[in-house]
Amino acid sequence: MSKIIKGDNLMLFDAEGKSLAFATAHTLTITADAVDISSKDHGIWGGNEVNKITWEISSENLYTVEAYDSLFEKMIAREAIDVFFGLKRENDPDKTVADGDYPNWTKEATCYNGKAFITSLTANANSGENATFSLTLTGTGKITKATATGE
């Protein structure tokens, strides 16, 4: 039987295989653009084929100056960055990044990898709450299943 993955273990990583910021949520969305190819030969049933596939990753994070500034610089540079979406390598439940046991989380060998542009970076600062920021990465080109390790 397949093992159910906990959301805490599925993360977003940078080109060096290190986790981005203090994330609270990540979402990978892969979308196929279906094109209508219906003809008289299809009768009452519509016909479709996939034309293009696009992908996007969104991330919700606790705000730190270092993380936000780094992403801000990458966004205004208007260059695609390497991103990895997959499981973290560290799995000892008694050790954390927040407590200093690890400098950051690192990715497992198997993950999804592609180049993406930062298309949205939104800082949120509500009175009495922790500051946060939202990040949207829009993929350019293909996303693939990668197996290279990231140190």
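The values are calculated or read from the model by the stated rules, or taken from the named source; none is laboratory data. Quick caveat: nothing in here was measured; it's all calculated off a predicted structure. Quick reminder, even Gly has a Cβ in these numbers, built from the backbone with ideal geometry, and neighbours come from all protein chains shown. Surface accessibility is based on the protein's heavy atoms, side chains included, excluding ligands, DNA and RNA. Shrake-Rupley method; radii C 1.70, N 1.55, O 1.52, S 1.80 Å.
With a cut-off of 11 Å between beta carbons, the residues surrounding Leu12 carry a summed charge of +1, where Lys and Arg count +1 and Asp and Glu -1.
Couplings 3J(HN,Hα) for region 44-53, derived from phi with the Karplus relation 6.51 cos²θ - 1.76 cosθ + 1.60 (θ = phi - 60°), are 7, 9, x, x, 9, 9, 7, 9, 10, 10 Hz, where x marks Gly and Pro. If Lys and Arg each add +1 and Asp and Glu each add -1, what is the summed charge of the other residues whose beta carbon sits under 15 Å from the beta carbon of Ala34? Surrounding charge for Ala34 is -2. As a quick test, which of the pairs Lys52/Lys95; Lys88/Lys142; Lys52/Lys74; Lys40/Lys142 have an alpha carbon distance above 31 angstrom in this structure? Too far apart for the 31 Å limit: Lys52/Lys95; Lys40/Lys142.
When the chain is treated as a GNM with alpha-carbon contacts under 10 Å, the residue of Ser39, Ser58, Ser70 showing the greatest mean-square fluctuation is Ser39. Surface analysis of region 8-114 yields an accessible area of 64 Å² per residue, using protein heavy atoms and a 1.4 Å probe.
Remark: relative contact order (region 7-151) = 28 percent; criterion is Cα-Cα distance under 8 angstrom and separation of 6 or more residues.
Sorting Leu137, Leu10 by accessible area (1.4 Å probe), largest first, what list results?
Largest accessible area first, the list is Leu10, Leu137.
Heavy-atom accessible area for Thr147, with the other protein chains in place and a 1.4 Å probe, reaches approximately 100 Å². Karplus-derived 3J(HN,Hα) values for region 84-100, using 6.51 cos²θ - 1.76 cosθ + 1.60 with θ = phi - 60°, are 10, 10, x, 7, 7, 6, 5, 9, 6, x, 8, 10, 9, 6, 4, 8, x Hz; glycine and proline are entered as x. Taking amide H positions as modeled 1.01 Å from N, with prolines and chain starts lacking one, the residues under 5 Å from Glu90 and 5 or more places away or on another chain are Thr106. Within the accessible surface of the chain, defined with a 1.4 Å probe on protein heavy atoms only, the carbon and sulfur portion equals 51 percent.
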